[in-house]
Amino acid sequence: MDTTLTRRSFVKWGTATAGAAALVGFTGCAPGGDKAEDTSEGAQQKAGEWLNAPCYNNCSCGSSRCLNRVYVEDGVPLKIRTDEESEDTFAMPQRRSCLRGRAKISEVLSPARIKYPMKRKNFSLDNPQGELRGKDEWERISWDEALDLVAEGIKKMYDQYGPTGILCGASSNIGDGYYDQNVCLLNALGGSVHAEAGTVSFGSWAVMDTHMIGGFGMSNTPHHLQLVTSDLHVLFGCNWAANKAGNHTLYLEECRKRGAKVIVIDPWLSQTSQMVADEWIPILPGSDTALVIAICYEWINAGTYDQEFLDTYCIGFDGDHMPEGAPENASWKDYVMGTGYDMTPKTPEWAEKLCGVPADTIRALAAEIASVDKVDFNCAQSASKIPAGEQFVQSFYTMALMHGGIGTPGHYFGWSGVKEFMSSGIGTGAYCPVTADPANPLAPAGSPVYMYYPIPSFPTLEDPDSWLNLEPSECWRSILSGEYGRDCWPTGKRKVDIHAAYFGGHMSTLNQIPDTMNGIKAVRAMDFVWGVNPFFDSTRQYCDVLLPCATFWEKPNKAFGGDYASALWYDKIIDPLYEAKYESWIAEELATRLGLDPKVVNTLSDAERTYATVRDATYMDGATFESSTLLTIKQEEIDQFFPGVEGAPQEGKFTFQEFREKGILKAELSEDLFIPEPYMAFIADPEGSPLKTASGKFEIYCETAAYMINSVGYSTIAPIGMYQIGDPEQGAGTQTDEYPLLLWTPHSLRRAHSVNDNVVSLREAFPQECFISEVDAKARGIKNGDIVLMTSPHGKVLRPAKVIPTLVPGAVAIQDGAWFQIDEETGIDLGGCPNVLQAPKSSGGGCQAWTGTLVQVEKYTGDLTLEPDKNRPVVVPVGVE
């Protein structure tokens, strides 16, 4: 294939699906015909240049962003390589981009790009004809026309319905990867309603972490240099090879090389299990709580747990260490041994009926863990994404506390992989400082904090009517029903009256929160829907007006965090394609039309923001724990790279030139570096350095957590971890004849959440399939590759079957993030979006209980044709070339 390119042909690539297919052949490869081309950077400097384009995927809550370097010639990106220059050691490994990061050329140049401002053909503000959203043709309009129309629509919606009538499908300020000044615009106009009263990524950990262990568990996981001190790693889920595809699996492999054993408990033999596990224990999705409790039963029965640790550092394990006023026989030990609560001993036989793990396997697992001193207990975020999942969190933490040793080398628990918080580290400056932006008036103190504490604190709220923030699982049904919340709230259920929606912030709200089919109904019933995005994804297809924004490759350069131990440098790779603009420009233009000072909605220029990321970058010395300036920056560099910004030269540990040339800076780490152990200060002096819990200790019996969660009314939990069916219509133990299978939605190597689903090469490599066990497939007459209909009480999805022997019977999987594509006649999704199937119920502390939705899978006999993903055209707006 001839891949010789001109700038003219480059601009034409995005006009046809064939362009995306062609990209598969040369992304990261040498041009055709050059049999022995020297692809080194030095050899190609004369023809073009290598620029830094770190991967901007959010694979794992920011813990594994990696380096990309892109070869650009005449403004055309032609090749990608990754971190190759530095020495690759366990202490300081290279940050190599995975296949998702290396597919960025294909993503950026996808035919799914929104090229121009456009509106639906049959839309007007006076007669929106919302029922045509997702069906209508489109027409190209000028930027002035588009901005005038959007500004008029925004004003009309605020005048008629006020801030509580506007849904903002973009994130509040949670970091530069999602930052969108159009959210600031809505805040300046009086605010808007977000669907952020939920944890989304974090499952059921957030509220429980606050009250049971005294802080966010994510910040107290082991450093990768500490991980090797454990002799046994027990992982619940944790498919790090797919969802933390930086170096996490490498860390586990190094642990194995040094003699440690890895046990993975997971419904399927995941990529991580295949790569590094010494033992795989299959389990029904969402039933891990029963397994954990039975392990603890075995330890108590055999006396193989650390009583001294529990007595010293915990409350609630047994009757002698209960908080004042607690009922009799209400301890964890009473519950597990059957001397309290339901009076049922939680034996392995009891657990086997609930989780599917044989009793003998549970006994062997409990004995093996008890026999090893230094154990690392790690858990997937998704294991807690079940109804009343806080009960699993409590049980998981209690198991680790019973094993003991926390705060000393090799003894760990955590739920977000590996973090490098407690050593030499690098922090970049704030691109979007929260204090500089207008606040959302509908989010006062005491209202839910997205992901980190996503339930209202009613005692803190001065006015219980002053806030409105929807829980994501129930967002669409709340809008359709006109009410939200629970009767037990001080206000009772809240009234909801949404008439407009903004979809921006590089998020695909319709695709990525549960109950997609009701989401479509809700959006089609609105008066005005507008969006800003680079891509014509499944959410933007349901808007009235679309404004194209630039991808990260087309934006000004800046520093960006790789993880706590590294920083990445972004070059501007290409100019904005077609008529794409920056969100900052769009927000300022709209502000001007709405009578606002543009500087109110965009308080810093793009140059000021990017300069702040390098000016304020810091280096933490892991030996002295003193912080210092990261970068030496010369005045001429300020003038060249941040034009118009007032700045002064500064001295730092590394030069700005070195940072730009390498694209990455890494904290200096070595295996002999002292790294403080998580909870070390508390363990050394529990009286002088108490935890930030009500008692100052680990709270196995946690009244505060139970009170806070129960006050919201989504679930009812006990102060200790208990097995319960948190929702009678979802999860293990609630299966019916109509819906006998349990769904769970692991991450895919094809996407990072919904990002990259427009990349044809990844569609071909990783088709969106219905994973089903051989046992369940045989019972339904399904063979590998057959087209099957997945049905839940909430929607239907058509997918090819992937029949495998390494999946627990009774469960099926479909991977997250696929862009939905609804057949209007049948209501069946042809894109494979799991949120078409997902159950729309709030749970616990604002958790989205994705794991354990009830489904049925049948061989499809209808009239629809499902093309292989690689052959399905990427959806583009009809009517606009």
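The values are calculated or read from the model by the stated rules, or taken from the named source; none is laboratory data. Every value quoted in this text rests on a predicted model; they were computed, and no experiment measured them. Positions of Cβ are generated from backbone atoms using ideal geometry, with glycine treated the same way; all protein chains shown enter the neighbour counts. Areas reflect the complete protein model, heavy atoms only, side chains present, ligands, DNA and RNA absent. Shrake-Rupley method; radii C 1.70, N 1.55, O 1.52, S 1.80 Å.
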### Task
Just reorder ASP376, ASP863 by solvent-accessible area, largest first, 1.4 Å probe, all chains present.
ASP863, ASP376
#### Entry: DSSP-defined antiparallel bridges as percent of all bridges, the chain, nearest 5
55
#### Entry: Of ASN68, LEU232, TYR723, farthest towards positive along the dipole that unit charges on Lys, Arg, Asp, Glu beta carbons give the chain
ASN68
### Task
With the full set of protein chains in place, find how many percent of the accessible area of the range 741-871 is carbon and sulfur; take the probe as 1.4 Å.
50
#### Entry: Dipole in debye (nearest 20) - the chain, about Cα centre, beta carbon charges: Lys, Arg +1; Asp, Glu -1
1980
### Message
Heavy atoms of the protein only, probe of 1.4 Å, neighbouring chains included. What is the accessible area of GLU579 in Å², nearest 10?
### Response
50
### Summary
With all protein chains present and a 1.4 Å probe, the order of PHE771, PHE236 from largest accessible area down is PHE771, PHE236
### Task
Go ahead and run the numbers for FRET between THR435 and VAL372, Cβ-Cβ distance against an R0 of 51 Å, rounding to 0.05.
0.60
### the range 159-282 shape via C-alpha gyration tensor axes, a/c threshold 1.5
prolate
### Summary
Taking a ≥ b ≥ c as the square roots of the eigenvalues of the Cα gyration tensor, with a/c under 1.5 meaning rounded and otherwise prolate when a/b exceeds b/c and oblate if not, the range 741-871 is rounded
### Message
I'd like the distance separating the alpha-carbon centroids of the range 777-849 and the range 197-228, in whole Å.
### Response
29
### Query
Considering amide H positions built from the backbone, and no H for Pro or chain starts, which residues 5 or more places from GLY203, or on another chain, come under 5 Å of its amide H?
GLN848
### Residue-averaged 222 nm ellipticity for the chain, from DSSP H runs of 4+ at -39500 (n - 2.57), nearest 500
-7000 deg cm²/dmol
### Task
Take the range 686-811, compute every pairwise Cα distance, and split them into 5 Å bins from 0; I just need the percent in each bin.
2, 8, 12, 14, 13, 11, 10, 10, 9, 6, 3, 1, 0
### Task
First measure r as the distance between the Cβ atoms of GLU636 and GLU85, then evaluate 1/(1 + (r/R0)^6) with R0 = 35 Å and state the FRET efficiency to the nearest 0.05.
0.85
### Task
Please report, to one decimal in angstroms, the Kirkwood hydrodynamic radius of the range 192-245 built from all distinct Cα-Cα pairs.
14.0
### Query
Once both axes come from the Cα atoms, what is the angle between helix 288-302 and the longest principal axis of the chain, in degrees from 0 to 90, rounded to 10?
30
#### Entry: Residue-level accessible surface for SER628, protein heavy atoms, 1.4 Å, Å²
60
### Message
How much of the DSSP bridge set in the range 741-871 is antiparallel, in percent, rounded to the nearest 5?
### Response
70
### Task
Give a residue-ordered list of calculated ³J(HN,Hα) values for the range 520-526 (Karplus: 6.51 cos²θ - 1.76 cosθ + 1.60, θ = phi - 60°; whole Hz; x for Gly, Pro).
4, 4, 5, 5, 5, 8, 7
### Message
Taking 8 Å as the Cα distance limit and 6 or more residues as the minimum spacing, I'd like the relative contact order of the chain as a percentage.
### Response
19
### Summary
Once ASP597, ASP786 are ranked on solvent-accessible area with the largest value leading and a 1.4 Å probe, the list reads ASP597, ASP786
### Message
Explain nothing, just compute: Karplus ³J(HN,Hα) = 6.51 cos²θ - 1.76 cosθ + 1.60, θ = phi - 60°, for every residue of the range 206-218 in order, whole Hz, x for Gly and Pro.
### Response
4, 5, 5, 4, 4, 9, 8, 10, x, x, 6, x, 4
### Message
If you average the C-alpha positions of the range 270-312 and of the range 572-597 separately, how far apart do those two centres end up, in angstrom?
### Response
52
### Summary
In order over the range 791-800: 3J(HN,Hα) from phi, Karplus 6.51/-1.76/1.60, θ = phi - 60°, whole Hz, x for each Gly or Pro, gives 10, 10, x, 10, x, 9, 9, 9, 8, x
### Task
Mind listing the long-range amide H neighbours of PHE654? Cut-off is under 5 Å, sequence gap 5 or more, other chains count too, H placed in the peptide plane at 1.01 Å from N.
LEU631, THR632
### Whole-Å distance, taken between Cα centres, linking the range 688-760 and the range 502-553
28
### Task
Please calculate how many Å² of accessible area the chain carries per residue, with a 1.4 Å probe and no DNA, RNA or ligand atoms counted.
35
### Task
Enter the accessible area of THR736 (Å², nearest 10), with the probe set to 1.4 Å and all protein chains included.
60
